[in-house]
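The values are calculated or read from the model by the stated rules, or taken from the named source; none is laboratory data. All of these numbers come straight from a predicted model, not from anything done at the bench. Heads up, the Cβs are rebuilt from the backbone with ideal geometry, glycines too, and the neighbour counts pull from every protein chain shown. Quick note on the areas: whole protein, heavy atoms, side chains included, nothing else; ligands and nucleic acids left out. Shrake-Rupley method; radii C 1.70, N 1.55, O 1.52, S 1.80 Å.
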Amino acid sequence: PGQTVVIRYPRLPDQPAGELGAAVAAEAGQNIPYDLSEVFLDWTVLDTVREGDARKLKVLLVAAKYEVIETRVQVADAAGVQLAVLGVDSLALADAAEGCDFLGPDESVALINLGAASTSIHFMKGRASNFIRDVSWGAREMIQAIAKGRRCDLQEAERLLMQSARGEGEARDPMSVVAIAEEEAPPPAPEPAEPASGSGELGGSLLDPLEDEIGALGEPMTP
């Protein structure tokens, strides 16, 4: 899940299938913030696109650290479970949506998985993975906002959230409970400004897009 994996969408020159593996490995060496000996790499070609006069292959590249994989394999072994496939959460979400026939052939869809401490957003275009972003914000923060606004304990706040998620009580939309809580809560104290990052260190999520991937998303919308 989340930042335990690195996902990229490189565009590589069109080339024979026998040469593509080496090209992907070279691309991974430049864009994966780990030594390649520390990660398990997997990839697939999503589409063929044209950039000017050149044909490019849009590739989905996934890298997961061996230690992350081994941890999950050990848990499965201890439970007596034999693994057939070990997949990335956000990609498994897309597989589930496709298996339930939620994705139209020409649709652009955002799949959102709201967890306890993080949220995964997976953008699909034409049933193909197009962009993934994980954020460190989930139901935990929603419950804390409700508890603060309603001045109740966390257990009561969670009960209110679950009640609204089931369409019961005063609010039938879970987000409306949060909105009401935020309206009732006193304004928060201003937080100290964070220093601007300029040290060259890796910042943000490992799922953040590269510049060429941002260009592939199209022009930004004007407010």
- Task: Enter the accessible area per residue of the range 73-158 (Å², integer; probe 1.4 Å; all protein chains in place).
- Result: 62
- What nm value, rounded to one decimal, do you get for the distance between Ala79 and Glu19 when each label is placed 7 Å out toward the C-beta? 4.5
- Message: Taking the Kirkwood radius as the inverse of the mean 1/r across Cα pairs, report the Rg/Rh of the range 1-108.
- Response: 1.02
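When ranked by the protection proxy of mean other Cβ atoms within 10 Å per residue, highest first, what sequence do the peptides 84-91, 16-23, 124-131, 51-58 form?
Details: 84-91: 14.4, 16-23: 10.5, 124-131: 17.2, 51-58: 12.1.
Packing proxy ranking, top to bottom: 124-131, 84-91, 51-58, 16-23.
Percent of accessible area on the range 41-88 owned by carbon and sulfur, 1.4 Å probe? Provide the component values of the computation, followed by the final result.
Details: 1610 of 3240 Å².
Within the range 41-88, the accessible surface is 50 percent carbon and sulfur.
Using a 1.4 Å probe, what is the accessible area per residue for the range 14-58, in Å²?
62
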